[in-house]
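Student: Below you will find the structure I want to go over with you.
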Amino acid sequence: MKINEKISSVTTKIISNFWGTLEQINFDFTFKNGTTKNLTHEVFGKNDGVAILLYNPASKKVILSKQFRMPVYIAGVHNGFLTEVVGGAIDQNESPENSAIRETEEEVGYKVRNIKKIATVFLSPGLMKEQTHLFIAAYNEQDKVDKGGGLASENEEIEVLETLFVDALKMIENQEIIDVRTILLLQYVQLHKLVEI
């Protein structure tokens, strides 16, 4: 971590270590006007994550998934069900690329090989220290090796959705797709004209 001259006297207290780690960080922050204030922030994190969009230039379709997300339910949106790209946490000693390939097979049943990294992003930098590696991959029907649906051992119940790319873009407009990773990757495919509309 780089030394930041604006920050000093940093102390950390772990509040929870259940699924990820919730830390309370206390520190002194020096503002541009020279004033120093003692501040406390909460930072939540776990392993970094991956997200990948599968697209088929021939059929003009994409593979999405639908699953229950408790924070979305608590927010009172879509009864907690989110339409999104394949995604998940990177396992220990696993590369982001291998994680994206593994998650794709587990969640939607496709074995992809040639994946392309788009970016590494923070999704909620005010609270989360987790970074997400974004990928895309072209697919065809021969890549389907399993029905998908997620892992029972991880209590996953994932609905696999194959939809026309143009319909997926409409789902952004009508607020059916509200996941930022999914929006970013769909718009990347659109911007780079990887699927004709």
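The values are calculated or read from the model by the stated rules, or taken from the named source; none is laboratory data. Keep in mind the model is a prediction, meaning the values are calculated, not measured. Please note: Cβ atoms are built from the backbone with ideal geometry, for glycine as well, and neighbour counts cover all protein chains shown. All accessible areas refer to the heavy atoms of the entire protein, side chains included, with ligands and DNA or RNA removed. Shrake-Rupley method; radii C 1.70, N 1.55, O 1.52, S 1.80 Å.
Student: In region 41-49, is there at least one residue being open to solvent by 50 Å² or more (accessible area, probe 1.4 Å), under 27 Å from Ile177 (Cβ atoms), modelled with pLDDT of 95 or more and in a loop (DSSP other than H, G, I, E, B)?
Tutor: Yes, region 41-49 contains at least one residue that is open to solvent by 50 Å² or more (accessible area, probe 1.4 Å), under 27 Å from Ile177 (Cβ atoms), modelled with pLDDT of 95 or more and in a loop (DSSP other than H, G, I, E, B).
Student: Suppose we filter Lys32, Lys13, Lys37, Lys60 for residues that are open to solvent by 70 Å² or more (accessible area, probe 1.4 Å) and on the phi > 0 side of the Ramachandran plot; which single one remains?
Tutor: On the way: Lys32 fails: on the phi > 0 side of the Ramachandran plot; Lys13 fails: on the phi > 0 side of the Ramachandran plot; Lys37 fails: on the phi > 0 side of the Ramachandran plot.
Answer to the selection: Lys60.
Student: Moving on to the next point. Looking only at region 97-114, count how many residues are open to solvent by 30 Å² or more (accessible area, probe 1.4 Å) and touching a Lys or Arg at 6+ places or on another chain (Cβ under 9 Å). Spell out how you get there, then give the answer.
Tutor: We begin by selecting, within region 97-114, every residue open to solvent by 30 Å² or more (accessible area, probe 1.4 Å); these are 97-98, 101-102, 105-106, 111, 113-114.
Subsequent filtering for residues that are touching a Lys or Arg at 6+ places or on another chain (Cβ under 9 Å) retains 97, 101, 105, 111.
Selection size over region 97-114: 4.
Student: Of everything in region 16-29, what is part of a loop (DSSP other than H, G, I, E, B) and either among the aromatic types (Phe, Trp, Tyr) or open to solvent by less than 80 Å² (accessible area, probe 1.4 Å) (or both)? Give them in sequence order.
Tutor: Let us first name the residues in region 16-29 that are part of a loop (DSSP other than H, G, I, E, B), namely 17-20.
Once the filter is applied, which keeps residues that are part of a loop (DSSP other than H, G, I, E, B) and either among the aromatic types (Phe, Trp, Tyr) or open to solvent by less than 80 Å² (accessible area, probe 1.4 Å) (or both), region 16-29 yields Phe18, Trp19, Gly20.
Student: Six or more apart or on different chains, Cβ under 7 Å: which pairs go from a residue in region 170-197 that's of a type in the set (Ser, Thr, Tyr) to one that's in a loop (DSSP other than H, G, I, E, B) and modelled with pLDDT of 95 or more? Could you list them?
Tutor: Once the first residue is of a type in the set (Ser, Thr, Tyr) and sits in region 170-197, its partners that are in a loop (DSSP other than H, G, I, E, B) and modelled with pLDDT of 95 or more give Thr182/Val85.
Student: Return the total of residues in region 113-142 being within 17 Å of Leu186 (Cβ to Cβ) and in a loop (DSSP other than H, G, I, E, B).
Tutor: Number of matching residues: 2.
Student: Taking region 73-93, which residues are open to solvent by 40 Å² or more (accessible area, probe 1.4 Å) and either touching a residue at least 60 places away in the same chain (Cβ under 8 Å) or out of contact with any Ser or Thr (no Cβ under 9 Å at 6 or more places or on another chain) (or both)?
Tutor: Quick first cut of region 73-93, residues open to solvent by 40 Å² or more (accessible area, probe 1.4 Å) only: 73-79, 81, 91-93.
Scanning region 73-93 gives Tyr73, Ile74, Ala75, Gly76, Val77, His78, Asn79, Phe81, Gln92, Asn93.
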